[in-house]
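Values in this text are rule-based calculations from the coordinates and carry no lab data. Model, not experiment: these values are computed from the prediction. Here the Cβ is made from the backbone with ideal geometry for all residues, glycine too, and neighbour counts use every protein chain on show.
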Amino acid sequence: MSLNTFIIIPSRIGSTRLINKPLVDISGKSLIQRVYENALLTSTKVYIATDSVIIKEHIKPLTSDVILTSPNHISGTDRVYEAAEKLELEDDALIINLQGDEPFMPIEVVNGLIETYKKNTSQIVTAAHRITKRSLITDPNCVKAIIDDQSCAVDFLRNIDYVDGTQYYQHIGIYGYSMAILRKLIELKPTPNEIERKLEQLRFLDNGFKIHISKFDINIPPGIDTKDDVQSAIKYINNED
């Protein structure tokens, strides 16, 4: 099965926890530059969907594949959809929604997600990796995925009780779905679960969409949400962890 696959990176300028987050310097490169360059290792069809002319001008020396989107989107999914519409993607095109704050996404995760999509009937595919640090399990910034025996998502939680001997998985900020499914997803209204936990993927679960989770045992540095995350990323690049 040959898939017409596109990677779209939503990137907004208005983060509240980390001001101008896409432009934050991480060892000589901005966050959005690192995400984009890393994505190019997997595909040549990589686009940045942003609400900011500043981001577009910043990344201009690297690529012209930047799509300006509305500043009024309430989620990255909505931003990805507007970009996909402007690209005139066909219904069966596979869209990889790679979050704009994930600079260290391994190639094997992206490729694994594409293979998972090919082999399963799930409408949405995403990924998670094993958590080995107890501090991450109890960290509300670390989103935990509850997964059933068929590798489908049951729930996503920020806060969870630690139970010794239990295997926990951290959700990774990447999704795959067809253009046809994406069109259905953006028509959904936020659910109480999503609003309470600030997790958009709960909207999909609450509306009956099946999410298949590819599980990985590799260590993936967390995404960038805070100043502490930036420092952790710098340490990771410098092999200090």
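Per DSSP helix of 4 or more residues, -39500 (n - 2.57); summed, then divided by the residues of the chain. What does that give at 222 nm, rounded to the nearest 500? That comes out to -8500 deg cm²/dmol.
Ordering F6, F204 by the number of other Cβ atoms within 10 Å of each residue's own Cβ, fewest first, gives F6, F204. Near S122, no amide H atom lies under 5 Å from its own; only residues 5 or more places off or on other chains count, and H is placed 1.01 Å from N. Residues D155, D217 in ascending order of nearby Cβ atoms (within 10 Å, fewest first): D217, D155. Between amide H atoms placed 1.01 Å from N, distances below 5 Å from C152 occur with I213, all of them 5 or more places distant or on a separate chain. 3J(HN,Hα) along segment 189-204, derived from phi through the Karplus expression 6.51 cos²θ - 1.76 cosθ + 1.60 where θ = phi - 60°, amounts to 8, x, 9, x, 4, 4, 5, 5, 9, 6, 10, 5, 4, 5, 4, 5 Hz, with x in place of Gly and Pro. Pairs over the 29 Å Cα-Cα cut-off, from the set K86/K235; K21/K133; K45/K227; K56/K210: K86/K235; K45/K227; K56/K210.
Based on C-alpha pairs under 8 angstrom that are at least 6 apart in sequence, the chain has a relative contact order of 23 percent. Work out the FRET efficiency for I54 and T166 from their Cβ-Cβ distance, taking R0 = 41 Å, and round it to the nearest 0.05. Working from the Cβ atoms, E equals 0.40. Once Rh for segment 8-72 is found with the Kirkwood sum over Cα pairs, what is the Stokes-Einstein diffusion coefficient at 20 °C and 1.002 mPa s, in µm²/s? Estimated via Stokes-Einstein, D reaches 179 µm²/s.
With a simple spin-label model that places each label point 7 Å from the Cα along the Cα-to-Cβ direction, the separation between S64 and K235 comes to 4.3 nm. With the cut-off at under 16 Å, measuring from each backbone N in segment 134-162 to a point 7 Å along the Cα-to-Cβ line of D228 picks out 134-144, 158-160. In the calculated pair-distance distribution of the chain, the portion above 28 angstrom amounts to 27 percent of the Cα-Cα pairs. Would you mind classifying segment 104-241 by shape? Square roots of the alpha carbon gyration tensor eigenvalues, ordered a ≥ b ≥ c; an a/c under 1.5 is rounded, otherwise it is prolate if a/b is larger than b/c and oblate if not. Since a/c reaches 1.5 and a/b is larger than b/c, the shape of segment 104-241 is classed as prolate. Placing pseudo-labels 7 Å out from each Cα toward the beta carbon at N72 and T191 gives an inter-label distance of 2.6 nm. Between D217 and D155, the distance separating the two model label sites (each 7 Å from Cα on the Cα→Cβ line) works out to 2.8 nm.
Fully extending the segment from D148 to I107, taken as 0.36 nm per residue of separation minus the present Cα-Cα distance, adds 12.2 nm.
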